1. Which condition breaks for Ser398 when tested against (1) closer than 26 Å to Tyr86 by Cβ; (2) in contact with a Gly (Cβ under 8 Å, 6 or more places away or on another chain); (3) surrounded by fewer than 15 Cβ atoms within 10 Å (Cβ to Cβ)?
2. Filter the stretch 180-208 down to residues that are farther than 22 Å from Tyr402 by Cα and surrounded by 19 or more Cβ atoms within 10 Å (Cβ to Cβ), then give me how many there are.
3. Here are the criteria: (1) touching a residue at least 60 places away in the same chain (Cβ under 8 Å); (2) farther than 22 Å from Val143 by Cα; (3) surrounded by fewer than 18 Cβ atoms within 10 Å (Cβ to Cβ); (4) over 21 Å from the mean Cα position of the chain (by Cα). Tell me which single one Glu530 does not satisfy.
4. Tell me, yes or no, whether the stretch 275-282 has at least one residue that is part of a strand (DSSP E or B), at positive phi and either free of Cβ contacts under 8 Å to residues at least 40 places away in the same chain or buried (at least 22 other Cβ atoms within 10 Å of the Cβ) (or both).
5. Hey, does the stretch 334-346 have a residue that's in contact with a Leu (Cβ under 8 Å, 6 or more places away or on another chain), in contact (Cβ under 8 Å) with a residue 12 or more places away in the chain and closer than 25 Å to Gly435 by Cα?
6. Residues of the stretch 469-511 being touching a Lys or Arg at 6+ places or on another chain (Cβ under 7 Å) and over 20 Å from Thr210 (Cα atoms), which ones?
7. Of all residues in the stretch 315-333, which are more than 18 Å from the chain's Cα centre (by Cα) and either closer than 26 Å to Asn433 by Cβ or free of Cβ contacts under 8 Å to residues at least 24 places away in the same chain (or both)?
8. Being at pLDDT below 95, surrounded by fewer than 21 Cβ atoms within 10 Å (Cβ to Cβ) and either polar (S, T, N, Q) or assigned to a loop (DSSP other than H, G, I, E, B) (or both) is the filter here; which residues of the stretch 227-265 pass it?
Amino acid sequence: MAQKYDVIIAGGGHNGLVAGGYLAKAGLNICAVEHQPFLGGGVVTRECTLPGFKHDIASTWHGMIQLNPLLTRDELGLKSKFGLKYIFSDDICMSIIFPDNSYFHFYKDIDKTCQGLAKYSQRDAKAYRKFYNFTEKVVDLMVVGMFSPPPSFATFASLLDASPEGQRILRSNLMSGTDIINELFEDPHTKIILGRTTGSMMIKPQSRGTGLAVFMTLPFLHKYGGGAFPVGGSGALSEALGKCIEYYGGTIRLSSTIKKFKISGDKVTGVILESGEEIEAKKAVVTNFNIKQIPSMIEDAKDIPEQFTEGVRTVMHSEFMGMQCNVCLNEAPHWTCSEDASRAALVELLPDNIENFPDIYEGLSRGIPDTQQLCCVTPSIFDSTRAPDGKHTFVLYSFQPYALKNGGAEAWKEKGEEIYLKQLELVRRHSDNMGDDNILAKKIWTPLDIERRNPSHIRGDFAHIGGFLWQQSGCRPFFGYGQYRMPVKGLYLCGPSSHPGVGATGGGRAAVQVVFDDLGLDFEKVAGKEIK
């Protein structure tokens, strides 16, 4: 006889677990069903190299979630009851190191940051402060919108068009990050620093519709102080969410692969596992799956709108993906440019040739690997639980194509080690202790490895789909389906394929509000209810 629950969370990614936590707190009987033998999706920590070394194999730096009421109001008791703790960096959010070993630090303090920019351009330092003063006034509105259901694109544009400040944001949203940066700044160093930040959308900075990324980055670093490291690893967030669901009587099913959704008439009534087992959902199914996985899982449904099938067919992936190397070290990297760099949360190694900078991203979109840009993170500097006493965990992260120009995606089987060694050479040019004797072990995750590790990361795209303007906010995953409801009644989308998109944001809080509304439940009452 099939087990019955009120709501099934299909996929144990952190967004689904967030949704499940709120529904469980509301008194519903929840079952979270996960393909892997552990929870978290892209928010996981594993000992994938040597015993005692805890590596974040996807997200590591939890940024925007720090502004989510999930944490600011501790609505699910993750911090007060279920053991979630964060360690924040001190005053340095990020250090940038250029080929000649010159550097720039992003401080939480805007004055110190501007002083650093003034080394390259007094004009840029003044322009940076002026731009920050503007964004600081409007960013709260943008942040609030990340954690609630988004308006339609037309409504969003209309709201912005009602004020001069909004019109400026709307204009920027239609432009490229490069356009915005070139309007504001003159020095190549400034332009490259902010261009790389814009590229974190996994879209070329010169692509239209990326301008808003510049608006979000500056105030987040200075007004909100950047992000933080979860104690014990990124997966500590997912583990706390799992504890929350179980505390409220929910069930966690691991190593249970969902083959398809069970459809009765025009409504989803549960899930069917690859084993043939059926699990029934009386009220709803909420899924973290990639939107591209949904059609094959609802093939038993009738009268699926053409708008949905065409939307899935034409939805676009990110222009490039990520490659990550998890490394075990005897000692933390010592960066020679500045002692401050060795205590920064993030260290970015960047080129300094602005003429060639766009070519890097054009190359990525054409299958050419990048070895000129590299993000380096040493979480164990801040959180000693990540490694055995005195040892360290180190992350090398870079933008890379999924399909290589020579050999396609399968070529990564041979290319991964080569790219890692070139990245290590880059690190060694800017540090004095990263010889072979300091490296104990490593694990390379190419875009092909990332795809094979997680079924939802199609083409290695951990964002599921690209963050293009026409696939953002109320248009995500595509027009007509930006409010989390799928074309089968009772089925909801809550992962990176939906608003607010990629990252450890706790974005499931936005999706679950729609589920609450459809079930006739008061979200604010449940969210604000005291945890006993």
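1. Of everything listed in (1) closer than 26 Å to Tyr86 by Cβ; (2) in contact with a Gly (Cβ under 8 Å, 6 or more places away or on another chain); (3) surrounded by fewer than 15 Cβ atoms within 10 Å (Cβ to Cβ), Ser398 misses just condition (3).
2. Result for the stretch 180-208: 9.
3. The failed condition is (1).
4. no
5. no
6. Scanning the stretch 469-511 gives Val488, Lys489, Gly490, Tyr492.
7. Residues satisfying the conditions are Val327, Cys328, Leu329, Asn330, Glu331, Ala332, Pro333.
8. Ser264, Gly265
The values are calculated or read from the model by the stated rules, or taken from the named source; none is laboratory data. Source: prediction; values computed, not measured. Ideal geometry is used to build each Cβ from the backbone, glycine not excepted, and the neighbour counts take in all protein chains shown.
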